[in-house]
Structures are given as C-alpha cells and as structure tokens.
Amino acid sequence: MPLDGITLSLLRQELSERIIGSRIEKIHQPSKDELVFHLRSREGAYRLLVSASANSPRLHLTSNAPENPSTPPMLCMLFRKHLTGAAITDIRQLGLDRVVFIDLAGTNEIGDSVKFTLCVEIMAKHSNIILVGEDGIIIDAVKRIDFTQSFVRQVLPGFKYELPPRQGKLEITETEPKIIVETVKSKTGKRLSAAILDTVEGVSPLISREIASFACGGDIAAAEMNPINEQRLTDKLSEIQKNVIGGKGIPTMLMRDNVKPYDFTFMDITQYGFAVTQRSFDSFSELLDDFYYEKDRFERTRQRSLSLMKLLNNAAARAARKLQSRRAELEACADRDTLRINAELILANQYKLEKGSLFYDLENFYNNNEVVRIPADPALSPSANAQKYFKEYRKAKTAEQMLGDLIEQSEQELAYLESVIDSVNRADGYTELAEIRNELYEQGYLKRAKSDKSKKMKPMPPMEYVSDDGYTILVGRNNIQNDILTFKTAAKDDSWFHTQKIPGSHVVVVGNGDIIPERTCRQAAVLAAYHSGARESSQVAVDYTEVRSLKKPSGAKPGKVIYHTYNTMWVTPDRELCERLKKKK
C-alpha cells in the first residue's frame with residue numbers, strides 16, 4: 001500500500017488547485033513524525049497533514065486531524081516561528097519520484113521577505129519532512145540523519161540540502177511507451193511485473209502487477225512476451241501516460257470483505273477478480289484520509305500509551321495466571337469426598353488394622369464392597385490416619401468455598417483489565433488516555449506522582465451521534481464514563497446497547513419516552529459494535545435492553561453491569577455510518 005509516484009503526482013495536482021495561495025494560520029505536531037498545517041484561503045479553511053511515519057508516509061488534506069499534545073514539541077515551535085503567516089506559492093514534484101516540494105513565502109521578525117521550501121520525502125522508513133531556507137541550507141527536519149546513520153546523505157541543521165539519490169528509472173510522462181517496452185523486454189531474468197517495477201518510475205508493485213495482468217493475462221517472464229502482449233503493454237502504458245499528464249486518475253480504495261481497507265491506487269484494478277471490492281472517492285485527499293484513519297489512530301495511541309499498555313498487559317497476565325492457578329486448586333478439591341470416605345472406612349475397620357502399615361486394603365461399602373487401597377502413615381495409628389484424612393477433607397471443603405469467591409474475583413478483575421485495554425486501543429487523543437490513567441489511579445493500578453496534574457482535567461463528555469430518525473445516541477469513552485452515562489445521564493426508559501461478552505462502550509439511545517424505531521436501534525447496535533473490541537469483526541452480537549433493567553453489583557469494577565432481560569441483534573461495525581451519524585460541532 002505504498003503511496004507511489006504516479007498517485008503522488010495526481011495528488012500534487014489536486015493540492016495545487018486547492019491550496020496554492022493559502023496562508024498558514026497554525027501548525028501542530030500530533031506525533032513525532034506528523035505535522036498538521038491549518039491553512040486559510042479565500043475559498044475556505046483546510047488542514048494539510050504531512051506524515052513521515054515509516055508505515056504511512058504521505059501528505060493530504062484531512063478532516064480527521066488528530067488531537068494535539070498539551071505542550072507543543074520544540075520542532076513544532078521552530079516551524080511556527082518560521083512558517084506562521086507564510087503563503088504557499090507552489091507545489092513541485094521531483095519527476096515521478098516520491099519527493100514533493102512546497103514553496104512558501106513569508107516574512108521574518110524584522111519584516112523582510114523570506115522564502116522557504118518544505119521538502120516532503122515519502123520513502124518508507126527513510127521518509128522525512130525537511131524545512132530548507134532560501135539559500136538551500138537545512139533549518140531542521142523531523143528526522144535528523146547524522147554520519148552514524150548514513151555516510152551518503154546527512155540531514156542536519158546547517159547542512160546543505162541534497163536531493164535523495166535517484167534510481168535511474170524511466171519517467172512514464174516523458175518516455176515513449178515503446179521505449180519502455182523494449183527496456184522491460186531486456187530484463188530477461190525477471191517476471192514481467194518485476195521488470196516493469198524496475199523500469200518505470202512512479203509505479204507501485206500493485207500497478208506493476210495490474211499492467212502485467214492486462215498485457216499477458218498473468219505475470220509471465222518478461223522475455224516470454226509475444227507481439228500481442230507487447231502491443232497490449234504499450235497500449236496500457238500509453239493510457240496511464242495520458243491519464244497522468246491530464247490529471248485524470250480515479251481515487252480508488254480496495255477492500256476485503258467489503259469493509260477492510262486493503263490497498264489504494266489511481267485506477268481500476270482487475271487482477272483480484274471478486275476477491276476484493278473497489279470504492280471510488282471524489283479526491284485523493286479523501287481517499288488517503290479514509291484509508292489511513294484507523295491505522296494512524298491506532299499507531300498514535302500505541303506511541304502515546306506504551307508504558308500504560310505494558311502495565312495493563314502485565315496486570316492482565318498476572319490476573320490470568322492467578323485465575324488459572326485457582327482453577328487448578330479448585331479442580332484438586334473436587335476429590336475431597338474421597339478423603340472423607342477414606343477416613344470413614346478406616347474408622348469402620350480400625351479394630352482389625354495395625355499401626356505401622358503403609359496402606360490399608362479395605363472393602364468400600366459405598367461402592368458395592370469393592371476393595372480399595374488407602375495409603376497410610378506408618379508412624380500413625382489407624383485412628384490418627386483417619387483423623388488426618390478428615391482434616392484434609394475439611395481443609396479441601398473450606399478451600400473450595402473460598403476458591404469459588406476468589407475465582408469470581410479473578411474473573412472480574414481480568415474482564416475489567418481487558419475492558420481497560422480495549423478503551424486504550426480505542427482512545428483517540430491525550431485527553432482520553434489521561435482519563436483512563438485517572439481511572440487506574442482510582443482503582444490502585446497506578447500511583448499518582450505529585451507533579452501529575454491530570455486529576456485536575458475536566459472530564460470529557462460522551463461521544464454524541466444522531467440517528468437517521470433524529471434520536472440522540474450517546475457512547476461512553478471509558479469505564480468511568482460508561483457508569484456515569486448508564487446510571488446518571490440516561491433515563492430509566494432509554495435504550496441501552498452493549499456487545500455480548502466483548503469489552504466495549506455503553507451506548508444509550510435517548511428515547512424521550514418514545515418507542516425507538518428499528519432503524520435507530522440497528523444504528524445504535526452498529527455504534528456499539530464499532531466502539532468495542534470487535535471493531536474489526538463482522539456479525540457481532542449486541543445485547544439491548546431498557547436502562548431500568550440494568551444493575552450495578554455492589555463493589556463491582558467501573559463499567560460492570562448485570563442484566564437478565566434483553567434482546568440480541570447481529571450487526572457488522574461500519575465506520576462510514578459512524579462518521580455520518582457523528583454530531584457536527
């Protein structure tokens with residue numbers, strides 16, 4: 001799913017039409033590899049996201065700008081100093097290579113005109129965002145590269161900016177398709193798709209396979225092409241060339257199972273047949289914004305919550321081991337009746353038993369007088385051996401009673417920790433993570449540092465949606481908020497939804513005393529499935545009932561409720577529906 005040079009070229013043309021002439025009002029740095037530029041033009045306001053993440057490097061306009069840290073990083077402050085108020089004068093690309101230059105014009109502290117170039121290099125783990133002055137000297141970069149990391153090219157403040165090394169491929173917009181075909185044919189030791197990838201600048205492996213599939217019906221060896229294959233290859237290259245020059249790409253997302261984004265490109269894809277479905281977008285910015293939303297949200301959360309997740313995973317592992325150990329002890333107690341029977345058999349036959357025996361062979365009158373061998377302590381008398389068995393029996397009986405309660409406690413603790421892990425995985429910003437930390441402070445899993453000010457933060461409201469029938473749907477963000485939403489905010493006759501036996505948010509439909517329409521119930525169930533640990537699943541069971549049917553067990557962990565009267569419906573999580581129903585602020 002790399003952002004190839006051709007898609008980048010079409011995206012650059014799209015951005016040029018929309019944001020050239022706009023000015024930078026604000027700059028934020030949501031994570032170490034990302035920058036968000038808030039732009040203002042006569043046509044309106046835009047947010048340009050630029051990412052140098054190794055997993056998802058790109059730039060595009062976004063409507064899903066991530067939450068910013070409370071304290072901006074030093075690099076963000078530097079970019080603000082130089083670029084706030086600057087106007088975008090041009091957006092250039094280095095051929096069809098994955099390097100884009102955003103030219104900017106602004107003023108310095110004393111009012112003199114200055115020019116800058118933001119160099120966005122989209123090259124997997126080598127991706128970078130570099131701010132360069134008018135003299136070509138690097139001001140700073142998201143990723144500094146010194147001599148210990150590369151002898152070929154260093155990226156450090158004060159160094160001269162140098163272009164990334166080119167790969168020597170043919171640019172499809174400037175090369176005759178027939179020349180490209182001849183070059184591809186010369187790579188005799190490679191499959192056709194690999195030969196195309198090595199020859200043509202700006203194509204991804206997906207496009208290389210698609211071209212090979214169109215030309216030959218499959219990925220044959222480059223040297224095995226016949227004249228018909230060569231002509232079809234020439235025609236396909238000509239078509240792509242014409243579309244790239246004319247800016248006529250089709251923003252296309254490929255999906256598996258109709259819901260899971262798989263890849264994206266600028267043209268129709270036929271090589272997968274019916275194994276994938278395609279969805280078109282109005283712009284490449286919308287395509288990339290939608291494609292990377294969930295992936296980036298998870299990555300940001302992972303970066304911000306590494307220590308928290310480590311603590312939770314360790315606590316969950318301990319709880320699981322404790323639960324397993326207690327279950328094993330309980331299983332051992334299941335044989336306690338044998339201890340009682342052994343004691344009674346010894347007492348019933350003690351008149352004929354002698355001290356010093358290693359075992360007693362006795363008839364078990366509880367089992368058709370079948371002879372049973374009972375181990376004995378030779379140092380004890382038969383009566384003492386019987387009392388020893390009675391003592392072990394009472395101990396096992398008491399342990400069984402205690403273990404039942406302990407196992408229930410362990411199960412509840414493990415379920416609670418799993419629900420917190422799910423909340424962390426679904427958290428979408430610093431504030432939500434801070435609320436989860438507060439919850440863990442209150443439950444004793446974390447110790448609050450004296451300098452920690454998170455306890456003074458104002459709690460966030462629940463997420464709010466509006467169904468197609470006009471009913472408000474509230475969704476809790478974490479366990480504490482789930483409790484408040486269910487037992488304080490919701491009315492007794494409101495409808496409540498939750499995934500069955502899967503950690504997730506409490507979802508409440510504010511009914512105002514009405515009978516909730518079936519469509520709203522289904523949409524609320526989809527929201528419950530989406531805001532749960534089953535977000536990536538299909539056909540998720542969601543229970544629903546009236547709030548009056550819910551009970552909070554005494555001493556239960558946050559988010560824990562019990563209910564016995566309910567219905568269940570099966571739904572598939574749908575992010576598009578959730579985004580559409582989200583209440584606009």
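The values are calculated or read from the model by the stated rules, or taken from the named source; none is laboratory data. A quick note: this is a predicted structure, and the numbers were derived from the prediction, not measured. Note: ideal-geometry Cβ built from the backbone for every residue, glycine included; neighbour counts use all protein chains shown. Please note that ligands, DNA and RNA were not included when accessible areas were found on the heavy atoms of the full protein model with its side chains. Shrake-Rupley method; radii C 1.70, N 1.55, O 1.52, S 1.80 Å.
Hey, what did region 1-148 get for relative contact order, percent, Cα under 8 Å, at least 6 apart? Can you show the working numbers first?
Details: 303 pairs, mean separation 31.5, N = 148.
Over region 1-148, the number comes to 21 percent.
To make sure I understand the rule: partners must be lysines, Cα under 20 Å from the Cα of Lys143, and not fewer than 8 residues away in the same chain. Which ones qualify?
Lys32, Lys81, Lys125, Lys160
As an exercise, identify the trypsin sites (Lys or Arg not before Pro) in region 1-48 lying in DSSP coil whose Cβ has no more than 11 other Cβ atoms within 10 Å.
Sparse-neighbourhood loop trypsin sites (Lys or Arg not before Pro): Arg42.
Give me the accessible area per residue for the chain, probe 1.4 Å, as a whole number in Å².
Numbers: 29750 Å² over 585 residues.
Per-residue value: 51 Å².
With r as the distance between the Cβ atoms of Gln154 and Lys582 and R0 = 56 Å, compute the FRET efficiency 1/(1 + (r/R0)^6) and round to 0.05.
With R0 = 56 Å, the Cβ-Cβ based efficiency is 0.80.
Using label points projected 7 Å from each Cα along Cα→Cβ, tell me how many nm separate Arg448 and Arg166, to one decimal.
6.1 nm
What longest range of the chain stays clear of loop-exposed GluC sites (Glu not before Pro) (DSSP non-H/G/I/E/B, at most 16 other C-beta within 10 angstrom)?
Counting at most 16 other Cβ atoms within 10 Å as exposed, the longest clean stretch of the chain is 355-535.
Which entry in (i) 1.14; (ii) 0.99; (iii) 1.04 matches Rg/Rh (Cα atoms, Kirkwood Rh) derived from the coordinates of this structure?
Comparing each candidate, only (i) matches the computed number.
Please say if region 266-344 is rounded, prolate or oblate, where rounded means a/c under 1.5 for a ≥ b ≥ c the square roots of the C-alpha gyration tensor eigenvalues, and otherwise the choice is prolate for a/b larger than b/c and oblate otherwise? If you can, show how the numbers build up before the last one.
Numbers: a/c = 8.09, a/b = 2.59, b/c = 3.12.
Cα axes put region 266-344 in the oblate bin.
Out of the total accessible area of the chain (probe 1.4 Å, heavy atoms of protein only), what percent is carbon and sulfur? Intermediate results must be reported in sequence, preceding the final value.
Values: 14990 of 29750 Å².
Exposed carbon and sulfur together represent 50 percent of the surface.
In nm, to one decimal, how far is the Met402 label point from the Asn512 one, both placed 7 Å along Cα→Cβ?
5.7 nm
Classify region 51-144 from the C-alpha gyration tensor, please: rounded if a/c falls under 1.5, else prolate or oblate depending on whether a/b exceeds b/c. Intermediate values should be presented prior to the final figure.
Details: a/c = 1.67, a/b = 1.20, b/c = 1.40.
Oblate, since a/c reaches 1.5 and b/c is not below a/b.
Would you mind classifying region 172-269 by shape? Square roots of the alpha carbon gyration tensor eigenvalues, ordered a ≥ b ≥ c; an a/c under 1.5 is rounded, otherwise it is prolate if a/b is larger than b/c and oblate if not.
Oblate.
So if we plug the beta-carbon distance of Ala332 and Glu411 into 1/(1 + (r/R0)^6) with R0 = 22 Å, what FRET efficiency do we get, rounded to 0.05?
Values: r = 19 Å, r/R0 = 0.86.
The computed FRET efficiency comes out at 0.70.
Suppose only helical runs count, i.e. DSSP H with n ≥ 4. What mean residue ellipticity at 222 nm does that imply for the chain under -39500 (n - 2.57) per run, divided by all residues and rounded to the nearest 500 deg cm²/dmol? Don't skip to the answer; put the middle values down first.
Numbers: 14 runs with 222 residues, N = 585.
Helix contribution divided over all residues of the chain: -12500 deg cm²/dmol.
What does the extension gain come out to for Leu78 and Ser113, with contour length at 0.36 nm per residue minus their alpha carbon separation?
Numbers: separation 35, 0.36 × 35 = 12.60 nm, distance 1.78 nm.
Residue separation times 0.36 nm, minus the Cα-Cα distance, leaves 10.8 nm.
Working out 0.36 nm times the residue gap between Asn313 and Ala384, then minus their Cα-Cα distance, what length gain in nm do you get to one decimal? Let's see the in-between values first.
Values: separation 71, 0.36 × 71 = 25.56 nm, distance 4.87 nm.
Value of the extension gain: 20.7 nm.
Can you tell me how much longer the chain between Asp361 and Glu17 gets when fully stretched, taken as 0.36 nm per residue apart minus their C-alpha distance, in nm with one decimal?
Values: separation 344, 0.36 × 344 = 123.84 nm, distance 9.66 nm.
Extending this stretch completely gives an extra 114.2 nm.
What is region 323-417's relative contact order, in percent, from Cα pairs under 8 angstrom and six or more apart in sequence? Can you show the working numbers first?
Numbers: 101 pairs, mean separation 35.0, N = 95.
Worked out over region 323-417, it gives 37 percent.
State, as an integer percentage, the relative contact order of the chain based on alpha-carbon contacts under 8 Å between residues 6 or more apart. Mind showing how you got there, number by number?
Working: 1008 pairs, mean separation 47.8, N = 585.
Reported as a whole number, the value is 8 percent.
I want to check the label-to-label distance for Arg575 and Lys32. Put each point 7 Å from Cα in the C-beta direction and report it in nm to one decimal.
2.4 nm
What's the longest piece of the chain with no exposed chymotrypsin sites (Phe, Trp or Tyr not before Pro), counting a site as exposed if DSSP puts it in a loop and it has at most 10 other beta carbons within 10 Å?
On the way: sites that count: Phe147, Phe151, Phe274.
Here the longest run is 275-585.
So the label point goes 7 Å from the Cα of Arg144 along Cα→C-beta, right? Which residues of region 30-62 then have their backbone N under 20 Å from it?
30-35, 52-54
From the phi angles alone, apply the Karplus equation (6.51, -1.76, 1.60; θ = phi - 60°) to region 36-43 and give each ³J(HN,Hα) in whole Hz, x where the residue is Gly or Pro.
Once θ is set to phi - 60°, the couplings for region 36-43 become 10, 9, 8, 10, 9, 9, 5, 7 Hz.
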